[in-house]
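The values are calculated or read from the model by the stated rules, or taken from the named source; none is laboratory data. All values derive from a computational prediction rather than experimental measurement. Cβ placement follows ideal geometry from the backbone for every residue including glycine, while neighbour counts extend to all protein chains displayed.
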Amino acid sequence: MNATEQRARELLAAEFQKDGYVAIAATIRSGRGAYRQAIRAIMAALSEPAGSGEAVAWRSMSTAPKDGTMIRLLVDFTDHATEDSPEPSPTIGACTDDNTGENEGWKFAGWCWSHDHFIEGKGTPVGWLPMLDAHPAPVVVDEAWPVGVLARDKTLATLRYFADWRRGGDGDQPDARMVGLALDAALAALTQPSQPGEEG
């Protein structure tokens, strides 16, 4: 477990522990069990954004989400490359294997050079990164809560529903996008500077 994953697990575990779910918090901290999507979302939020002037460090494909999340891919193209180069080229794509239980593999954009249009690319993804601005969030009315993220009550309700569902509670699987928005809001709240007079 690397430092980013450890920090992500600690942040998620702390939220469960605050709500009294001590056993779930311990499982998350140990690195065992579920919550893969939530941990990946937190890790992506904790990672330094691309475009900061530094070279992009593509992540290993073994860590890429396979739940249908659209991501940036670095592909070793065999046909329909996005760049006129023998080197791996960037594109976007997704894999739904975790959702469908089938091994359909990665689907990603390619380029038809003879007709100048997008087409399904062929090749092997060799790296990935999250999309830039993957979860634009609505503006918040609550002044004590960070601006530009999901509202506090919606954040708490979404995370509580997700926690209950993961423990086998009744109801449909939570919307992954809403869980991501709730995690973004929780991270923003946890990482904002303390106001004078508040305990840190």
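If I filter segment 183-194 for residues that are closer than 30 Å to residue 75 by Cα, at pLDDT 75 or above and out of contact with any strand residue (DSSP E or B) (no Cβ under 6 Å at 6 or more places or on another chain), do I get at least one hit? The answer is yes; a qualifying residue exists.
Scanning segment 76-125 for residues that are touching a Leu at 6+ places or on another chain (Cβ under 6 Å) and part of a loop (DSSP other than H, G, I, E, B) gives a single hit, 88. Listed by first and then second residue, the pairs with beta-carbon distance under 7 Å, at least 6 apart or on different chains, first residue in segment 6-18 and assigned by TED's automatic domain parsing to the domain that holds residue 155, second loosely packed, with under 14 Cβ neighbours inside 10 Å, are 9/31; 11/190. Going by what's in this entry, would residue 69 be described as over 22 Å from residue 184 (Cβ atoms) and outside any strand (DSSP E or B)? Considered against the rule, which asks whether it is over 22 Å from residue 184 (Cβ atoms) and outside any strand (DSSP E or B), residue 69 comes out as no.
It is to be established whether one or more residues within segment 114-129 are modelled with pLDDT under 90, surrounded by 12 or more Cβ atoms within 10 Å (Cβ to Cβ) and closer than 19 Å to residue 19 by Cα. Within segment 114-129, none of the residues are modelled with pLDDT under 90, surrounded by 12 or more Cβ atoms within 10 Å (Cβ to Cβ) and closer than 19 Å to residue 19 by Cα.
Exactly one residue out of 91, 69 is modelled with pLDDT of 90 or more and buried (at least 17 other Cβ atoms within 10 Å of the Cβ): that is 91.
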